[in-house]
1. Using a Gaussian network model of the chain with C-alpha springs under 10 Å, which one of Lys150, Lys27, Lys256 is most mobile by mean-square fluctuation?
2. Using each residue's phi in the stretch 26-37, evaluate 6.51 cos²θ - 1.76 cosθ + 1.60 at θ = phi - 60° and report the 3J(HN,Hα) Karplus result to the nearest Hz, with x for Gly and Pro.
3. Which residue, Met134, Met314, Met201, has the most motion in a Gaussian network model of the chain that connects Cα atoms within less than 10 Å?
4. Multiply the residue gap between Glu145 and His64 by 0.36 nm, knock off their C-alpha separation, and tell me the result in nm, one decimal place.
5. Does anyone have the angle between helix 329-348 and the longest principal axis of the chain? Alpha-carbon axes, 0 to 90°, nearest 10?
6. Spin-label point model (7 Å from Cα, Cβ direction): what's the Ser172 to Gln135 distance in nm?
7. Hey, how many Å between the Cα centroid of the stretch 208-244 and the Cα centroid of the stretch 1-53?
8. Shape call for the stretch 3-101 from the C-alpha gyration tensor, a ≥ b ≥ c root eigenvalues: rounded (a/c under 1.5), prolate (a/b greater than b/c) or oblate?
Amino acid sequence: MTTVGILLDQRTYRKLLSGKTGNERVKLYNKAARRLKLKLLYMSLEGIHLRSGKATGYSPKGHHYVKLTRVIPKVIHNRTFPRGRIERKRLSVLSKCSYIFNAQNRYSKYRIHRLLQRNAGLRQYLPASQAYSMQKLRRMMVNYEDIYIKPQRGSVGRGIIRIQQVRGGLWSIRTSKESTILSKRATCRWVHQKIGDQLYMIQEGIHLTTYQGRPYDIRVSVQRGQSGRWQITGMVGKVARKGSHVTNVAKGGTVKRCELLFRHSRLPANRTRAKIEDFSLLLANYVGNRLYRLADVGLDIGLNGSGKIYFIEMNCRDQRYSFAKAGLRREFYHTYETPLRYASYLARR
């Protein structure tokens, strides 16, 4: 029986025995492994013994886990963010002796934007974006009335600043914690002081279509499956909470089925879904040929009122729980099964 490794962060790994693994629903990996006749070894970077070529971890047996020390699996699905130089080095060395997919799962948002900008077929879906500087912000404020300033690295909507021109040369500033109205010059100073020496990017604001007055975007799970090719595993809508510009569920957003949102926005549901799927596969195939061993991404896709698609961002460790919250149980399960099908494909090669 083929053994597949699943690399977890230390916190999740320690909670395996209690079953309280938070957003990482490992029971779905276990269910998929039984169906696919795979053996799983859950590991953390601390349990990897590179000199001996072995790893200590937990393997599911019935409803329990058995602690084992085994040869490091040939194929590993990475679900951890390495923290610190030592963990990054250990993961880098490990990736030379095992095929780890999504070994690198945190990319600069601006790096991804520049990568997509090189592709003529994808360029049309990108909002105007620049690496942050005060000079570039001033220029963007001449051309656009709605602008987002967001961290180049970060997740769940943390650190996002939105500025909008309101009246008489004044600009409104909004974050998740505060809002104010200032002159253009004062707005630039406020943003610059807030950012400090952090890496940020400036992005044209997209006038997202709304559900009950609240903007929404679409999360698309795109994964490599049993043939090694990219496929759409699921699609779900994320709706910002009232008064917010951030759709992240962790920031108070809610989830809805896409068809409900499309109908509410008077967009043709089947055609809109097909457009998003085609774009998502085009993007995944392009970046998958350029980013090392990429196999599992969550794309955030925006739509304007006429149904035009905009790329917002790519997540390389998709948390997947939006599907569960929307009651899309089949899609939620398949976001766990599909990576194991890909792992089985790799192990057979």
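1. The residue that fluctuates most here is Lys27.
2. 5, 4, 6, 4, 4, 4, 5, 5, 5, 5, 8, 6
3. Met134
4. Numbers: separation 81, 0.36 × 81 = 29.16 nm, distance 5.64 nm.
Result for the pair: 23.5 nm of gain on full extension.
5. Taking the Cα atoms of the chain, the angle to 329-348 is about 50 degrees.
6. 3.2 nm
7. 27 Å
8. Details: a/c = 1.75, a/b = 1.37, b/c = 1.27.
Prolate, since a/c reaches 1.5 and a/b exceeds b/c.
Computed from the coordinates by the stated procedures, all read-outs in this text should not be read as laboratory data. Here the structure is a predicted model, which is why all the values come from computation and not from measurement. Cβ: placed from backbone, ideal geometry, glycine included. Neighbour counts: every protein chain shown.
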